[in-house]
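Here's the structure we're looking at; comments come further down.
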Amino acid sequence: MLYHFLYPLNADLILFNVFRYISFRAIMATLTALMISFLLGKPLIDYLREFQIGQMIRDDGPQTHLEKSGTPTMGGVLILFAMTFSCLLWARLDNIYVWVVLGVTLSYGAIGFLDDYLKICRQSPKGLSGKQKLGLQLLIGGLVGFFLWMDPSFRTTLAVPFFKHVQPDLGFWYPVFAALVIAGASNAVNLTDGLDGLAIGPVMICGATYLLFAYVAGHLKLAQYLQVPYIPGSGELCVVCGAMLGAGMGFLWYNAYPAEVFMGDVGSLSLGGFLGAVAVVTKHEILLAIAGGVFVIEAVSVILQVASFKATGKRIFNMAPIHHHFELKGWPEPKVIVRFWILSIVFALMAMSTLKLR
Ligand code: 57M
């Protein structure tokens, strides 16, 4: 919004020219969202405590988690508010991609909100059914894919990391693929969100990676030089990614071990949807499997565990998702968290290396 009000003033005062730059607005969006989530975090936690909006803990999980019972949840509302407010302030509101990504994030947040709300009303760990959640996620993802597909300038080819000449064209099937990417990312982040700060750390690292890719994809010369698909307007997603980073940092301040608040499904589903949407818009969908490698590992551990248990009655891991396996092996929670963050940074670097290794 500020861009639209303040940039035109540059004719009178050259200082206002700075509002033109994506880099400046991305930094300001990060700082604004950080300040909002940092300042509102404490009052929100007090409010959630007062109204007893606390986490039900399943008694079949690691025993160390039982003492987390009653920790305020639905902190994702804070992330979404800070991120949206900051975006509205700093992003160009005439950019369709900003609305697409914000739309996915907020609508996935609404699904998560409903799920959390039902859990709290029912005083049980059961909210929406898995099928209901997945159905809504796929529907929204499919609609977004279809909307993008309708634009004749939008490419339905995929960029395959490391292989610049391999560009499969999905054509008519692109909306289905987009739905799977967005819903898949959302669920993988949700599965990862089981230890203090475990989800938000890798979400921020992955978001920062996509900030870079959005910048490159939206910059004609850079995109040509690095031979990535040029997506006019996608650079504005740097501001959205920046807002997410700031909101995430403010949330992590309170979610860091020992957590004062959990993000809830409202946070995990929306942030995963956000990553999926950014990957789709920047046309780096497959890269998400590398940049979000930690989420892939968590999701695959669940698939393998469930498949093995159904087929043989035996478990591969002490418990899935895999972070519980390490906890049960005796690793203290902060050690698991920080090691997964390190892994996430390695995956981000691998993703960035695809800009050159191709
Ligand atoms: C949600 N949520 C946490 C919190 C957070 C198919 C199956 C593998 C699904 C999986 C599952 O339900 N995953 C999705 C994971 C929960 O956190 C809440 O949920 C929100 C995210 N959706 O924001 O509101 C618990 O996680 C802990 N937590 C923290 N710090 C945080 O910052 O400590 C969360 C955030 C919280 C808290 O304890 O209560 C969750 O785990 O429920 N199910 C599982 O993960 C279960 N695994 C399982 O059943 N494994 C089976 C196989 C066959 C599937 C096995 O290995 O045998 C585990 N989860 C729990 N207990 N709680 C195991 C049992």
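Helix 293-312 sits at what angle to the longest principal axis of the chain, using alpha carbons and giving 0 to 90 degrees rounded to 10? Compared with the principal axis, the helix lies near 40 degrees. Rolling a 1.4 Å probe over the protein heavy atoms leaves T64 with an accessible area of roughly 80 Å². Using a 10 angstrom cutoff on alpha carbons, build the Gaussian network for the chain and name the most mobile of Q167, Q55, Q137. Evaluated over the chain, the most mobile residue of the options is Q167. Once all protein chains are placed together, K42 keeps about 90 Å² accessible to a 1.4 angstrom probe.
A 1.4 Å probe run over region 50-116, with the rest of the protein chains in place, finds 44 Å² accessible per residue. Relative to the longest principal axis of the Cα atoms of the chain, helix 264-281 runs at roughly 30 degrees. Per residue, region 203-358 exposes 38 Å² of solvent-accessible protein surface, assessed with a 1.4 angstrom probe and all protein chains in place. Note on region 207-315: with neighbouring protein chains present and a 1.4 Å probe, carbon and sulfur make up 70 percent of its accessible heavy-atom surface. Within the assembled protein chains, the solvent-accessible surface assigned to V77 is about 60 Å², based on a 1.4 Å probe. Considering only C238, V181, L170, and ranking their Cα positions along the charge dipole of region 125-242 that arises from unit charges at the beta-carbon of Lys, Arg, Asp and Glu, the one farthest toward the positive end is L170. Among M150, M249, M28, which one shows the biggest mean-square fluctuation in a GNM of the chain, springs joining Cα atoms closer than 10 Å? Looking only at M150, M249, M28, the largest GNM fluctuation is found for M150. Dipole of the chain computed with +1 at Lys/Arg Cβ and -1 at Asp/Glu Cβ about the Cα centre; of I57, A307, G272, farthest Cα towards the positive end is A307.
With all protein chains present, how much of the accessible area of region 8-127 (probe radius 1.4 Å) comes from carbon and sulfur, to the nearest whole percent?
On the way: 4230 of 6350 Å².
Carbon-and-sulfur percentage of accessible area, whole number: 67.
Against the longest principal axis of the chain, how steep is helix 200-217, in degrees 0 to 90 to the nearest 10, with axes from Cα atoms? So the helix axis and the longest Cα principal axis differ by about 20 degrees.
Bridgeable lysines around K335 (alpha carbons under 21 Å apart, same-chain partners fewer than 8 residues away excluded): K68.
With charges set only on the Cβ (+1 for Lys and Arg, -1 for Asp and Glu), what does the dipole of the chain come to about its Cα centre, in debye to the nearest 20? Don't jump to the answer; show the numbers that get you there.
On the way: 24 positive and 20 negative charges, 153 e Å.
For this selection, approximately 740 debye.
The values are calculated or read from the model by the stated rules, or taken from the named source; none is laboratory data. This one's a predicted model, so the numbers in the text were calculated from it and none came from an experiment. A quick note on method: Cβ atoms are made from the backbone with ideal geometry, for glycine too, and the neighbour counts reach across all protein chains shown. When the accessible area is computed, the model is the full protein with side chains, heavy atoms only, and any ligands, DNA or RNA have been set aside. Shrake-Rupley method; radii C 1.70, N 1.55, O 1.52, S 1.80 Å.
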